[in-house]
Each structure stands twice: as structure tokens, then as C-alpha cells.
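Report on the following structure.
The values are calculated or read from the model by the stated rules, or taken from the named source; none is laboratory data. Predicted model, so just to flag it, every value in this text is computed and none were measured. Every residue, glycine among them, receives a Cβ derived from its backbone with ideal geometry; neighbour counts consider all protein chains shown. When the accessible area is computed, the model is the full protein with side chains, heavy atoms only, and any ligands, DNA or RNA have been set aside. Shrake-Rupley method; radii C 1.70, N 1.55, O 1.52, S 1.80 Å.
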Amino acid sequence: MIYTAAEIKQADATAFRQGMPADVLMERAASAVAARLTFRPRSSVLVICGAGNNGGDGWVVARESAQRGCDVFVYAPFGEPKSSEGERHAAYARRFVTIVEEPRDADYVVDALFGVGFRGPVTGKARDVITWMREQSAPVMAIDVPSGVPSDEASEFDGHAVKADTTFSLHGYKRSAFLTQTAPYYGTVEMVDIGLSHKSEWRVLTESDFDRGLLERDPYGHKNRYGHGCLIGGSRHLIGAPFLAARAALRTGIGLLDLAIPSEAHIMASSLPEAMYYGIDELPDKTYAATAIGPGLVDDERSDRLWQTVSRQSKPLIVDAGALTTEHLAAEGPLTLTPHPGEFARLTGRSVAEIEADRFRIASDFARQHGIHLILKGTHTLIVKPDGTGAVNTIQAAVLSKGGSGDVLTGMLLALWARTDRIDTESSPNEQAVLWHALAAQAASRQMHPASVLATDVIEAIGRI
Ligand SMILES: NC(=O)C1=CN([C@@H]2O[C@H](COP(=O)(O)OP(=O)(O)OC[C@H]3O[C@@H](n4cnc5c(N)ncnc54)[C@H](OP(=O)(O)O)[C@@H]3O)[C@@H](O)[C@H]2O)[C@@H](O)CC1
Ligand SMILES: [K+]
């Protein structure tokens, strides 16, 4: 689960209302972190504590580490925690640790300066303390958030923050763990469950969320069961894109595929004999299980005409690349848009930097406003539902930052939305396609140097995950 600072505060408030004392919750959270810290026996540890409750957690970690046999120093540049629970823990911890007036070398540094209560940017003394932490060669363990990193969005983030080796994230992930500007500051993220109830609009997707049943084939199944899809795309100079998408759809298991491309692209047809071909201006009058439009398409009168036809079908529609325009935001059936940040900037009238700094909120608002499914691509692709809730893909696949990757995803989406045996179930074709795409990219990069992996290699790896 992924939480905003406000949601965490709300979870805290609920726990207090239900009778969980604040100092017990702090003890519970910080003890859980201390138990996960693998300090070598008798090593020296410097804990840097702020004046908020993140600092309170730091005092508990300091005490517990001392009780486990470490030589612990606490540096509290802004004095003791302001809250009564933080103050109580600091008072008790003082018996077990050495207080220092200046930061000092140690085998490990624990960063408990700021947590989710931080509001950027960092100024004055805090800036110097963060600079000091950044200069240390000792491993830095951050409690909850690396200090200086905002929890929710990065629009004010100037890069001045602790670079943690490990961050122990309390209760759940923070959005900034998945933003391009701030994610690298977290190091390895370890989740620490502190027993609060979980309720969030955003989920984290890992490999275990991939439904391997999608790879299976029913021995009695008919090709129609796996859907008859239509892919529309291509233009004079962009001939390859629809073929990449079409091949990906077939490798993902679509039953039948019609490919509508401009006549210039028909010379490529022999490379994909499994598809059926139509001219882009002569779409057959059929109702498809699903349609995808956009790979290699240019935004012109022809694409507007095509839109009139495909948007009237009450079946799933996937819109990508050249078909992503502000005129194409409503259709009869379920609509999925798959922009990368540049395309999403055009759709929203915002800059790429604005989007990257606050992608969760902007993506959620957009999906809700238009009642559409949205896949906002990136290192951590967001998959958003029409109600604005969503999930983030955490399967890393650097090889996907290459031309053609988006076309492959579109083809995979088409294949999964077209599956008549699955579409009525709760399974989310968008989440499954994004996961499968990333897994295929990982499989391709196991077979050759990642720099060499092409979109066609990812397609060939779709069935090798
Ligand atoms: N449910 C959970 O997950 C639980 C979470 N818990 C822990 O509580 C943490 C949140 O604690 P929190 O709300 O007290 O805020 P925190 O992050 O310590 O920072 C506030 C301090 O920073 C200061 N400050 C802010 N911005 C600044 C700036 N730019 N430059 C300089 N100073 C700045 C601010 O100063 P002020 O604005 O008050 O002057 C205040 O002193 C959370 O991350 C987790 O570790 C557990 O203990 C219990 C369960
Ligand atoms: K911290």
C-alpha cells in the first residue's frame, strides 16, 4: 500500500481514537525498525534525531541499539522531540546512550531528522546536518523517509536530502518512493508494518501479482474464446509500430487479429502472416472483442474519422501514441489511455516536470475526471482506474526505455482486453499487461546485454517468462 502524509496522520488519529496510546505506537514502530537493523556487534552508531516524531522514533532506535550492545551516540540538533510521547522516549533513552553536540564518525548513521511531517525546502542548520550525512561513507539507515525528501510530491524538491542506503518505511510506502526525482534517495526500501489498519487508494504491484493463469491454454478452447481484436495504426513514416503491437498481441495469445494499416505498410504483411489485413480507410464492419488504435498513427483528419468509428463500439478500446489527443477522451466502451509523460503533458496542458513531480495525484484526477482507465508510463508505471484509485508497477525493466516498447505494451493490452474468458472477471487486464510486459523485458535482458535488447526481443520473450 502507498500512503500520503495526510493518510498516515489519519491512520494514527484513528488508532488513538480507538485507544492505542501515542507512545505505545511510537515504541512499536521504532522497535520494529530496531529489530530489522543488522548492526555488527559492538559497532558504533550515530542516531541523528529531529524535534518531531521521526526524532522520537530515533530515540527509541538509539535505546534499543544500545541495549543490543552497540555503542550509541545521539545528535539532536533541534533539541528533544516536541510531542509528549517523543519527549518521554528521549528521557528514557538518555540513560543508555551518549549525547553529542556535533555529529561524529560512526560505523552506521541512523537518519531520524525528518519524516512525513517535513515540509520543504531544507534551510539553515538542517541543511548542514543533511550535507554532513551525505558526506559519510558509513551506511545511512533512514527511518520512514530519507530526511529532506517530501513524502507525497516533489514540486519543491531541490535535491538536498539524505541519500539513504536503506529506508525503513513505516505502515506503507510513501508516494515519493516512486517519483523519478526522489526515488533514488531511498536506497533499498524495507516495509515495516506497525499494526495500523490498511486503507489506501494506491497499491504496489510485484511479480507475485502477475496471474500466471493467463499463460495457460484450455485444450478445448476455441480461438474466439481468446478474442478477435483489431489494431489500427501506421502512417507513411511509421510503418513498424503497428507490426510491433500486432506481433505482441499475437504472442500474448489473442485468438484472431485484424490489422488496419495504410497501403504503404502492406509491404510488411509477409513478416506477420498470422494477422488479417485491411486498409486503414476500409475498416471491416465488425464488432471486435477489443480494439487498439494509435501505434504509428499521425493525428490528422483520417485519425478523427477512425475515431468516430471505433469510439462508437461498446467494447474495450485502447488508445496510444498518435491517437492520444484531447478529442479522444470519451468512448462507448471501457477506454484505456496509455501515455508516456510527454503525451500526458499534452493531454493535460501541464509540463512534464509538473507531471513527474506529482504523478499520482495528476493521474488519479485525470482518470476520475474523464471516467477512463489510464496507464501513465515511466520507471514506475501507474495503472489507474476510472474511480481514480490505482497501482504502481515495481518490476524494474530498464530495457523498456527504447523505441517500440510502448507499441509492444499496446499489443499486449489489446490481447488481454480481448479475452472473452477473462474480461468479465475481476482481473485487471491493464495491471496484468504492464506486469507481463515488464517480466518479458526482464526475460529478454537475461538473454543478452540490456543495451542490446530491442522491442522485438521483448515480444519474443513474452512467452518465456
Ligand atoms: N503512523 C505512523 O506511520 C507513525 C509514524 N511515526 C513517526 O512520526 C513521524 C512524523 O512525525 P511528525 O509529524 O512529528 O513530523 P516529522 O517528520 O518528525 O517532522 C516534523 C519536524 O520537522 C520540522 N520541520 C519540518 N519541515 C522542516 C524544514 N523544511 N526545515 C526544518 N525543520 C522542518 C518540524 O518543525 P516545525 O514545523 O514544527 O517547526 C518538526 O519539528 C513519521 O515520519 C514517523 O517517523 C511514529 O512515531 C508513530 C506512528
Ligand atoms: K528520516
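Rounded to the nearest 20, the size of the Cβ-charge dipole of segment 56-111 about its Cα centre is 280 debye, with Lys and Arg at +1 and Asp and Glu at -1. In order along segment 357-363, the phi-based Karplus estimate (6.51 cos²θ - 1.76 cosθ + 1.60, θ = phi - 60°) of 3J(HN,Hα) comes to 6, 9, 5, 4, 5, 5, 5 Hz; Gly and Pro are listed as x.
Sum up the charges of everything whose Cβ sits under 13 Å from the Cβ of residue 185, counting Lys and Arg as +1 and Asp and Glu as -1, but leave residue 185 out. For residues surrounding residue 185, the net value is -1. Answer with one residue from 432, 47, 318: the one whose Cα lies farthest towards the positive end of the charge dipole of the chain, charges on Cβ with Lys, Arg +1 and Asp, Glu -1. About the Cα centre, the residue reaching furthest to the positive side is 47. In order along segment 381-389, the Karplus-derived 3J(HN,Hα) couplings, from 6.51 cos²θ - 1.76 cosθ + 1.60 at θ = phi - 60°, round to 4, 9, 10, 10, 8, x, 7, x, 7 Hz, and Gly and Pro are given as x. Angle of helix 240-251 to the longest C-alpha principal axis of the chain, folded into 0 to 90 degrees and rounded to 10: 80°. Compute log10 of I(q)/I(0) for segment 19-157 with the Debye formula, placing one identical point scatterer on every Cα and leaving out solvent, at q = 0.11 Å⁻¹, to two decimals. With no solvent term, the Cα-only Debye profile gives -0.35. Karplus-derived 3J(HN,Hα) values for segment 112-118, using 6.51 cos²θ - 1.76 cosθ + 1.60 with θ = phi - 60°, are 10, 7, 10, x, 6, x, 6 Hz; glycine and proline are entered as x.
Remark: the chain carries 42 Å² of accessible area per residue (probe radius 1.4 Å; ligands, DNA and RNA excluded). In percent, rounded to a whole number, the relative contact order of segment 158-200 is 48, using alpha-carbon pairs under 8 Å and six or more apart. Database remark: amide H of residue 276 closer than 5 angstrom to the amide H of 257, 258, 259 (H placed geometrically; neighbours at sequence offset of 5 or more, or on other chains; Pro and chain starts carry no H). Peptides 64-72, 316-324, 173-181 ranked from most to least packed by the mean count of surrounding Cβ atoms within 10 Å: 316-324, 173-181, 64-72. Of the trypsin sites (Lys or Arg not before Pro) found in segment 198-257, the ones in coil according to DSSP and having at most 12 other Cβ atoms within 10 Å of their Cβ are 199, 217, 236. Amide H contacts under 5 Å for residue 115: 54, restricted to partners 5 or more places along the chain or on a different chain, H placed in the peptide plane at 1.01 Å from N. For the chain, the longest principal axis of the C-alpha atoms and the axis of helix 53-67 are separated by about 60°. Net charge dipole, the chain: roughly 660 debye, given to the nearest 20, about the Cα centre with Cβ charges of +1 for Lys and Arg and -1 for Asp and Glu.
Across segment 208-464, Cα pairs under 8 Å and at least six residues apart give a relative contact order of 21 percent.
Annotation: amide H-H contacts under 5 Å for residue 74 (H modelled 1.01 Å from N, sequence separation of 5 or more, or interchain): 47, 98, 99, 100.
Considering Cα pairs under 8 angstrom that are at least six residues apart, work out the relative contact order of the chain and quote it in whole percent. Relative contact order comes out at 12 percent.
If you filter segment 205-237 for chymotrypsin sites (Phe, Trp or Tyr not before Pro), then keep DSSP loop positions with at most 12 other Cβ within 10 Å, what is left? Counting only loop positions with at most 12 other Cβ atoms within 10 Å, the chymotrypsin sites (Phe, Trp or Tyr not before Pro) in segment 205-237 are 220.
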